[in-house]
Amino acid sequence: MTGAGMSVESGIPTFRGKDGLWTRYGQPPMDGFKRFRADPVGWWQKQVNRQMDAHMVELRDALIAAEPHPGHHALTALEEAGALNHVITQNIDGLDLKAGLQNLIEIHGNRSRLRCLGCGERESLGDFVPVEPPEPCAECGDTVKFDTVMFGEPIPEDTMQAARAQIDLATCVVAIGTSASVRPASGLLWIAKSQGAKLIEINPFETKLTSICDVVVRATAGEALDQLAEIFATSAVQVSGDIAANE
Ligand code: APR
């Protein structure tokens, strides 16, 4: 399970904690989705006319410039080594995909995708930035928005079910760069623990999850994941059996 701290080393700011966007600009209103639903055309007009809040401009510019860092590539290497089954990311930056990760659940969506609120049909935008409000969904005619989950918007059912299914399978969950403060995504970490999974935290700072973790690694995502990938690449650890034995 990764959070905004996973992409700090790619130049994308966190939301909370030191230098976080919300720390510097204040928490945005929690009713973004309600406002979108009330006037989707007006919302899209503002978006295409670049009338965005200062924190959104900073975030957007960082997202455009960001590239995967060694930590993202380490996750891909761990997946290829059979040591990592799935990543659930709260990030919308798509950097895991750019680093070649195969088994990914983007629980808060992806900024480079559109999604229909009616049938859930998703369309990839690539690097294209909409310059006018998108047409209604070609499949069902309902409203289309960015795939990114807004404050107050329910996480799409299919995404939540997929994430919960992975949590139910997990014997070990590594919380990387997340303050574990936004439900329902962060709630999955407590569910994993309650179901007997080991919890590991990789975060330079303490979080509300720290006290229930079996292992705490006070390091950045890049530092810790690089070393972890190194261990699995060079040691005699036979990924499946040995992990179970080491449980
Ligand atoms: N490496 C790892 N972790 C880091 C690093 C780093 N280099 N730098 C900071 N962190 C940690 C911080 O200590 C903090 O615990 O990353 C965490 C970021 O926390 P948040 O900003 O709250 O991000 P996140 O947990 O992903 O927030 C969840 O909240 O605003 C919503 O939708 C948004 O997906 C986001 C959700």
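Computed from the coordinates by the stated procedures, all read-outs in this text should not be read as laboratory data. Not measured: the values here are computed from a predicted model. FYI the Cβ positions are ideal-geometry reconstructions off the backbone, even for glycines, and counts take in every protein chain you see.
The figures follow:
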{"quantity": "0 to 90° range, to nearest 10: angle between helix 54-65 axis and the chain longest Cα axis", "calculated": "60 degrees"}
{"quantity": "The range 130-163 residues near the modelled residue 49 label - backbone nitrogen below 14 Å, point 7 Å along Cα→Cβ", "calculated": "132-133"}
{"quantity": "Angle between the chain longest axis and helix 157-169 axis [Cα atoms, degrees, rounded to 10]", "calculated": "10 degrees"}
{"quantity": "J(HN,Hα) series, the range 88-103, from Karplus relation 6.51 cos²θ - 1.76 cosθ + 1.60, nearest Hz, glycine and proline x", "calculated": "10, 10, 8, 8, 10, 7, x, 5, 5, 5, 4, 8, x, 5, 9, 9"}
{"quantity": "Listed pairs 34/198; 34/208; 145/198 exceeding 31 Å between Cα atoms", "calculated": "34/198; 145/198"}
{"quantity": "Relative exposure of 151, 205, judged by other C-beta atoms within 10 Å (fewest first)", "calculated": "205, 151"}
{"quantity": "Restricting the range 105-148 to GluC sites (Glu not before Pro) in coil, as DSSP defines it, with at most 13 other Cβ within 10 Å", "calculated": "139"}
{"quantity": "Nearest 10 degrees, 0 to 90: helix 70-80 Cα axis against the chain principal axis", "calculated": "70 degrees"}
{"quantity": "Taking 96, 19 and counting other C-beta atoms within 10 Å, the order from fewest to most", "calculated": "19, 96"}
{"quantity": "Value of [θ]222 nm, deg cm²/dmol, for the chain, DSSP H segments ≥ 4, -39500 (n - 2.57) each, nearest 500", "calculated": "-10500 deg cm²/dmol"}
{"quantity": "Orphan Cys of the chain, criterion: no other Cys C-beta under 4.7 Å", "calculated": "172, 213"}
{"quantity": "Cα→Cβ-extended label distance, 7 Å offset, between residue 215 and residue 60, nm", "calculated": "4.1 nm"}
{"quantity": "The range 32-71: trypsin sites (Lys or Arg not before Pro) falling in loop per DSSP and having at most 16 other Cβ within 10 Å", "calculated": "50"}
